[in-house]
Amino acid sequence: MSDASAEAWRALESLREHGAGLELSGLFEADPTRGETWVAEGAGWTLDYAKNRIDARGRDALLALARACGVAAHARAMFAGEPINHTEGRAVLHTALRAPRDTDLALEGQRVGEDVHAVLDRFTAFADEVRGGEVKGFSGKRFRNVVNLGIGGSDLGPRMVVEALRGQPSEALDVRFVANVDPNDFALVTRDLDPAETLCIVCSKTFTTLETLANARAARRWIVDALGDEAAVADHFAAVSTNLTAVAEFGIDTDRTFGFWDWVGGRYSLWSSVGLSIALAVGGDAFRSLLAGARAMDEHFRDAPLETNLPVLLALIGVWYRNVLGWESTAVLPYDQRLARLPEFLQQLDMESNGKRVDHDGRPVSQATGPIVWGQAGTNGQHAFFQLLHQGEALVACDFLGFLESGHPQGDQHTQLLANLFAQTEALAFGKSAAEVEAEGTAPGLVPHRTFPGNRPSNLLVAPALTPHSLGALLALYEHKVFVQGVLWRINSFDQWGVELGKQLARRIAEELTGAGAPQHDSSTNAWIERFRRHRQKS
Ligand code: F6P
């Protein structure tokens, strides 16, 4: 850590007591303009960060930290394709996937913009041909359904975007997702589908992922059994991968195979051909609008001053709660049912990126890193876990999201939705004092139960409407927020070694479950392997 950044961290951490003493009611009383001025805008989104337990002193210390840690220089290095994923020796260039064709960027002598747009043109043209009925199934039937077989980054992003943009007038295909190695997933997702009308996409960056290959084999059996001919595979499968050799070995035609590059991380890949399922669901033009929205946020992140830079502000506010106040969790609460899968997507984006315990040099980190991310669409969450948010002992940093317009207006329902959104942020921030509860005539014994402590912070992110463009910008906003936090914590946000050990052990245990030799684990794991074997023998 440089001297300047160590000093900036010390200055920030010296504000712990000060930060713990800040009261939102006091902050709003002291500055009547706070609701108007603690607001920033970028790429069509408005961030209201007024209801955070941060004052000007805290904000200054956070911005000083961002400067001392060289956030802007690190961002430039990412955009320029420097190998910032140093544990894997790779560049991190998901931003190039949404950059213009003539972007001035070359990697190992290859012009990145041209490569990216060549693949983009190919897979969006294919998607539009399937949507238009020009590409048909083996028996000559038009495709009505698409099943994307992938997991993690090859599932969560496309699944979330398809669900978010579903219901557009342009929808022509029923696009579904199978991820889990649990055979129930494939069976339940495909149970009412006609294989003759179904296109399967095997979506895997590495094309070695156990779950995806198992589901791809299940899908192949399903298609071949129903259509009675191995030759049907050529018509009913497409693949998305960086491992073109493995795709060819699986038997998928090269003209149905869409590649991408090792400089696209799995959880940052929905902008690449991994987004084929999105293009199939909403069409090539809408997919390009999604990219354009992300590009608008990339430009905002690259060019806006730190003080008004949405990803930087979100990252710094997160650091305040994580490292100054010591809170462990962040809730993402989209007040739009179409974004119900956003928390799940952000869990991978944030927790796989920043759930790290050693810094760039392999030394234990000196600050707490990535928070636990969770959440649910509002208003549903209000009737489930909001009790804890309002009156629980654990303090949770909350991001609320909403849109001024509804995709499907119905009576006053959208007004009710927004009323609830604004009400929740107000109730959390200002609560209800014991005196107010008493003044309502509440029985004295119930007063503590009905009191709301308040002083519970939130961000509020609002855009006019949920469109491919606004969604693209929102997702890029969170990508860059995670990046900035990784820079401040000095961790590599772009590897994921923590997923490997479980995979290795599962391979060994799978053999032992079906084998006969003595299992070689701890006594608990051994006992479960033996119990499973005995159960199998009986059944
Ligand atoms: O196991 C974690 C992971 O490597 C994720 O990072 C990735 O998104 C997912 O598996 C799927 O990987 P692939 O696209 O290579 O099948």
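What the table shows:
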{"read-out": "Residue-span extension gain [residue 435 to residue 141] - 0.36 nm each, minus C-alpha spacing", "value": "98.8 nm"}
{"read-out": "Sorted by Cβ neighbour density within 10 Å, fewest at the top, the residues 124, 242", "value": "242, 124"}
{"read-out": "Other-chain or far-sequence residues with amide H under 5 Å of residue 174's (modelled H)", "value": "145, 146"}
{"read-out": "Inter-site label distance for residue 7 and residue 526 at 7 Å from Cα along Cβ, in nm", "value": "5.9"}
{"read-out": "Cα→Cβ-extended label distance, 7 Å offset, between residue 465 and residue 358, nm", "value": "5.1"}
{"read-out": "Exposure proxy ranking, count of Cβ atoms within 10 Å, fewest first, for 538, 136, 503", "value": "538, 503, 136"}
{"read-out": "Per-residue ³J(HN,Hα) for segment 211-224, Karplus 6.51 cos²θ - 1.76 cosθ + 1.60, θ = phi - 60°, Hz, x for Gly and Pro", "value": "4, 5, 5, 4, 5, 5, 5, 4, 5, 4, 4, 4, 5, 5"}
{"read-out": "Residue-wise HN-Hα coupling along segment 132-145, computed from phi with Karplus coefficients 6.51, -1.76, 1.60 (Hz; x: Gly, Pro)", "value": "x, x, 6, 8, 10, x, 4, 8, x, 7, 5, 6, 10, 10"}
{"read-out": "Built amide H within the under 5 Å cut-off of residue 459, gap 5+", "value": "398, 399, 400"}
{"read-out": "Over the chain: helical MRE at 222 nm, DSSP H runs n ≥ 4 each giving -39500 (n - 2.57), nearest 500", "value": "-13500 deg cm²/dmol"}
{"read-out": "Scaled radius of gyration (Cα, divided by 2.2 N^0.38 Å) that the chain gives", "value": "1.05"}
{"read-out": "Residues whose placed amide H lies under 5 Å from that of residue 265, excluding near-sequence neighbours", "value": "93, 94"}
{"read-out": "Whole-number Å³ per residue for the convex hull built on Cα positions in segment 1-57", "value": "104"}
{"read-out": "For segment 516-529, 3J(HN,Hα) per residue [Karplus equation, 6.51 cos²θ - 1.76 cosθ + 1.60, θ = phi - 60°, Hz, x = Gly/Pro]", "value": "10, x, 5, x, 10, 10, 5, 5, 5, 5, 4, 4, 5, 5"}
{"read-out": "Partner aspartates and glutamates for residue 51 [C-alpha distance under 15 Å; skip if fewer than 8 residues away on the same chain]", "value": "23, 29, 31, 36, 399, 426"}
{"read-out": "Residue exposure sequence - 289, 329 - by fewest surrounding Cβ within 10 Å", "value": "329, 289"}
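Throughout, read-outs are computed from the coordinates displayed, never taken from laboratory work. Keep in mind the model is a prediction, meaning the values are calculated, not measured. Positions of Cβ are backbone-derived with ideal geometry, glycine not excepted, and every protein chain shown enters the neighbour counts.
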